[in-house]
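> Next up is a structure, given as structure tokens.
The values are calculated or read from the model by the stated rules, or taken from the named source; none is laboratory data. Worth saying up front: this structure is predicted, and the values here are computed from it rather than measured. With ideal geometry, Cβ positions are generated from the backbone for all residues, glycine too; neighbour counts draw on all protein chains shown. Surface accessibility is based on the protein's heavy atoms, side chains included, excluding ligands, DNA and RNA. Shrake-Rupley method; radii C 1.70, N 1.55, O 1.52, S 1.80 Å.
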Amino acid sequence: KNSTPLFLKKIGVNRGFSITLFIASVMPFLPMDDFLYLAGGAAKLNVLSMLQISIVAKVIKSFIEIGTEFLGLKAISEVVNVNPVEIGLISIVIFGALGYVLFKIDWERAYEEAITYVKRLIWKQKEG
């Protein structure tokens, strides 16, 4: 029997787990808080208290990211000599179009074609 859920339940009620969840929720790029949610669910921890910690962390993370994006747009606007608002609008259009294109792609078909292509390459290497 796996004792990990019991261990997580034991440490999940202390302050260290809450701090770890907060830090994991603030970290950019990595979904570490998701793993802690999965572990917390397996240990039957109080999801509501975990959610409260994550919401505060995500709000702080959003303030940091918005500030960083603003400074980035300002720096880019100075380099290319274009108004930051115009760069923001151009970014919205570009990323909106990119999102639309990515939504229209048949990802299952693309995946199957990629797998078929890789299998053919492997087969050719084994022959030659």
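> Per-residue ellipticity at 222 nm for the chain, helices alone: DSSP H runs ≥ 4 residues times -39500 (n - 2.57), over residue total, nearest 500 deg cm²/dmol?
So the calculated ellipticity at 222 nm is -28500 deg cm²/dmol.
> Ignoring ligands, DNA and RNA, please state the percent of accessible area on region 69-123 from carbon and sulfur, probe 1.4 Å. Display every interim value, and only then the final one.
Values: 3500 of 4950 Å².
Taking all protein chains in place, region 69-123 shows 71 percent carbon and sulfur surface.
> So what are the ³J(HN,Hα) numbers for region 64-73, from phi and the Karplus equation (6.51, -1.76, 1.60; θ = phi - 60°), rounded to whole Hz, Gly and Pro as x?
Ordered by residue, 3J(HN,Hα) equals 5, 5, 5, x, 5, 5, 4, 5, x, 4 Hz.
> Can you give the extra length, in nm with one decimal, that the chain gains between Ile105 and Ile122 once fully stretched, where that is 0.36 nm per residue apart less the Cα-Cα distance? Write down the numbers at each step before the final one.
On the way: separation 17, 0.36 × 17 = 6.12 nm, distance 2.61 nm.
My answer for the length gained is 3.5 nm.
> Please turn the phi angles of region 82-99 into ³J(HN,Hα) values with the Karplus equation 6.51 cos²θ - 1.76 cosθ + 1.60 (θ = phi - 60°), one per residue in order, whole Hz, x for glycine and proline.
Coupling constants for region 82-99: 10, 4, x, 5, 5, 5, x, 5, 4, 4, 4, 5, 4, 6, x, 5, 4, x Hz.
> Does anything in region 75-104 have its amide N under 11 Å from the 7 Å Cα→Cβ label point of Glu113, and if so which residues?
No residues fall inside that zone.
> Name the long-range amide H neighbours of Val82: under 5 Å, sequence gap of 5 or more, or other chain; modelled H, no Pro or chain starts.
none
> Answer rounded, prolate or oblate for the chain, using the Cα gyration tensor with square roots of eigenvalues a ≥ b ≥ c: rounded when a/c is under 1.5, else prolate when a/b is larger than b/c, else oblate.
On the way: a/c = 2.85, a/b = 1.12, b/c = 2.55.
Here the chain falls in the oblate category.
> Related question: Between Val47 and Thr20, what's the calculated FRET efficiency when r is the beta-carbon distance and R0 is 22 Å? Round to 0.05.
Numbers: r = 16 Å, r/R0 = 0.72.
According to the calculation, E is roughly 0.85.
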